[in-house]
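Step one of this worksheet: look at the structure below.
None of the figures in this text is laboratory data; all of them are computed from the coordinates on show. This is a predicted model, so every value here is computed, not measured. All Cβ positions, even for glycine, are placed from backbone atoms using ideal geometry, and neighbour counts span all protein chains on display.
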Amino acid sequence: MADTNVKPDKVVEIPLSTVEIPVGPQHPAVHEPILIKVYAEGEQVVRAEAHTGYNHRGIEKLAEKKSFYQDIFLCGRVCGICNSVHADCYVRALERILDKDPPPRAKYLRTLVMELERLHSHMLVLAVTAEIVGFDTLFMHMMRDRELIMKAKEIVTGNRVLADYIMVGGVRRDLNSEKVDKLKKILSKVEPAIKHYQKVYEEDVTLRKRLVGVGVISPAEVTTHGLLGPVARASNIPTDARFHDAYDAYAEVPFRVITRKECDCWGRSMVRFEESFVSIEICRYILNHLPQGEAVPDERRLPRRFPEGEAFTTVEAPRGELTYYVMSKGGISPYRVKIRTPSYNNIINTVPFYVGHTIADVPTILASYDPCISCMERAVIVDLRRGGRRVVSLRDLARGVA
Amino acid sequence: MGALPLLKEVLKNIFRRPATIEYPKVETPVEPDARGRQYADLNKCVGCSLCMIECPPKAIRMEKIPEGYEVPKRNARRMYPVIDYLKCIYCYRCVTVCPTRAYVTTSEYRLATSVATTSRELSLSTLKKAAQKSSGG
């Protein structure tokens, strides 16, 4: 804006207009492709749009062509970080169609793997948040200690990342006392490390300046926009499928739902830190109270053909409530597999909340939602036959009407 | 100041050995039962193709066992599974569905090779070579 007190002939007038800045699709905040198109006036964001579709792989359609059992491994590959929760949700849907209940030991082991996954997922996003803020040292340290949990996952499942652990009627590997001891040692190393990083997050001036009061979402907005997971819990909305649905061993394992009242990026980080401690507590409880009995089903004796039926299951992924709808018309392949991931709501519905912040805050806010692009890429609305695009309102998209 | 405890650790790290595993010099520690390269033991395999049918990424093909090997009688069709390691996702579905538990599992993760991209040689090496007389049949 031109200063009116200065003489006009000495001032170079720069016309203030809206500038369109693409944030992404290459590395907008996380290593996954999404384009946040930001319209800025000066430094301030006046409008934002989310453009998706860079990572669409047609998994739902592929799931209809493969058999029920092949889909367990396919669903695990929807998202690398939360692969066990995807597999668990799908397998529980299959078990509901088959009217089969896994043994208690298997339920406990499933819960253990999912909690380890939550732990490393939360550590990853907290590390990435620190990196975006510019605190690369913290990022490196957190990623170093995250390796311990990856090792724990390898001990339980046989692989660092892709677990392929959950099977209809149980799990695919059992734990022995030697492995239990190893896991307990790892947990005792990880807990003080995370406490240390939480202290850094709480006290560091740079992190506080960049995170406190940024990306505020009021509890009312969380409800109207259908936000899930830590994003909702940081705005004091106690939504947690582990608590409401009490699937697997969550009905028997004591745990608490973490909520914060900050409503901003910092509050979301704190929710993740505190949830990490809850996860460690759950893991410890499971390792100490593991029921005896069989956990591994003989995969050669599982029924190949499924009866007619449908099932809708939910699971609390590290990013929020994940739901699967599986429909069987009999035979060896599902008729329909519908996946709704929490990132879908959390990324697309939070677009209005960038407005009013500076451009530098955009990646910070995006990272605070813990976006998982590969999870959410499953709704491309392009009409090839008519050669046009359909414009769908955000509300319809979020409801899944479109 | 929150950075202060971190600063202490940073200063300590200057004198520590690197946390990164220096891979070619030092081997990455892997659990003995980690899911690595697997192949079929042809002394147990009956050539039923179940692993091929169940394989999620369709990485397994059934092939005819070449002449010159002593094949067990129960594998009458002389078929055996060949895994394409470039397609394999190491989910071990083939290992668990095998009716004769014929698969040999290893924790071998170093698969970057220009030679053994399939399990053909590993599987055939489990069979004895036939004596010259019977090799014609």
Divide by every residue of chain B the summed helix terms, -39500 (n - 2.57) for each DSSP H run of at least 4, and state the resulting mean residue ellipticity at 222 nm, rounded to the nearest 500 deg cm²/dmol.
-> -5000 deg cm²/dmol
Against the rule of thumb 2.2 N^0.38 Å, how large the Cα Rg of chain A comes out | 1.06
Bins of 5 Å from zero: percent of alpha-carbon pairs in chain B = 2, 9, 16, 17, 14, 10, 7, 6, 5, 4, 4, 3, 2, 1, 1, 0, 0
Return the sequence-ordered ³J(HN,Hα) values of the stretch B:50-65 in whole Hz as given by the Karplus equation 6.51 cos²θ - 1.76 cosθ + 1.60 applied to θ = phi - 60°, using x for Gly and Pro.
-> 5, 5, 5, 5, 7, 4, x, x, 6, 8, 10, 10, 8, 10, 7, 5
Listed by chain and number, the residues whose amide H is under 5 Å from that of residue A:321, excluding neighbours fewer than 5 places away on the same chain and using placed H, are A:229
Using unit Cβ charges (K, R positive; D, E negative) and no other charged atoms, how large, in debye to the nearest 20, is the dipole of chain A about its Cα centre?
-> 1080 debye
Mind telling me which of A:175, A:211, A:109 comes out most flexible in a GNM of chain A, alpha-carbon contacts under 10 Å?
-> A:175
Show the residues, 5+ positions off or on another chain, whose built amide H is closer than 5 Å to the amide H of residue B:104.
-> B:39, B:40, B:41
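Which FRET efficiency, nearest 0.05, do residue B:116 and residue A:209 yield, Cβ-Cβ r, R0 60 Å? The partial results should precede the final answer.
Details: r = 54 Å, r/R0 = 0.91.
According to the calculation, E is roughly 0.65.
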Give the angle, between 0 and 90 degrees and rounded to the nearest 10, that separates the Cα long axis of helix B:3-15 from the longest principal axis of the Cα atoms of chain B.
-> 60 degrees
Karplus ³J(HN,Hα) for the stretch B:97-108 (6.51 cos²θ - 1.76 cosθ + 1.60, θ = phi - 60°; Hz, whole; x = Gly/Pro) runs 8, 4, x, 10, 6, 7, 7, 9, 9, 10, 9, 6
With point charges of +1 on the Cβ of Lys and Arg and -1 on the Cβ of Asp and Glu, referenced to the Cα centre of the protein assembly as shown, which listed residue (A:282, B:65, B:5) lies farthest in the positive direction of the dipole?
-> B:65
Can you sort A:135, B:15, A:277 so the residue with the fewest Cβ neighbours within 10 Å comes first?
-> B:15, A:277, A:135
Candidate cut points under GluC sites (Glu not before Pro) in the stretch B:22-119, DSSP loop plus at most 15 other Cβ atoms within 10 Å of their own Cβ, are B:22, B:27, B:67, B:70, B:108
In nm, spacing of pseudo-spin labels at residue B:21 and residue B:87 (7 Å Cα→C-beta vector) | 2.9 nm
Take A:287, A:228, B:122 and order them by how many other Cβ atoms sit within 10 Å, fewest up front.
-> A:287, B:122, A:228
Place +1 on the Cβ of every Lys and Arg and -1 on the Cβ of every Asp and Glu in the protein assembly as shown, take the dipole about the Cα centre, and give the residue among A:55, A:176, B:114 whose Cα lies farthest towards its positive end.
-> B:114
When all alpha-carbon pairs of the stretch A:299-341 are counted, what percent fall beyond 13 Å?
-> 60 percent
Calculated from backbone phi, Karplus (6.51, -1.76, 1.60) coupling profile of the stretch A:298-310 in Hz, x at Gly/Pro = 7, 5, 6, 9, 6, x, 7, 8, 9, x, 5, x, 9
May I ask which residue of A:217, B:21, B:94 lies farthest towards the positive end of the charge dipole of the protein assembly as shown, with charges of +1 (Lys, Arg) and -1 (Asp, Glu) on Cβ and the Cα centre as origin?
-> B:94
Taking amide H positions as placed 1.01 Å from N in the peptide plane, with prolines and chain starts having none, which residues 5 or more places from residue B:79, or on another chain, fall under 5 Å of its amide H?
-> B:65
Note: A:196-207 gets an average of partner chain Cβ contacts (10 Å, Cβ to Cβ) equal to 3
Gaussian network model of chain A, Cα springs within a sub-10 Å range: biggest mean-square fluctuation belongs to which of A:300, A:144, A:256?
-> A:300
About its Cα centre, chain B carries a charge dipole, from +1 on Lys and Arg Cβ atoms and -1 on Asp and Glu Cβ atoms, whose size in debye to the nearest 20 is 260 debye
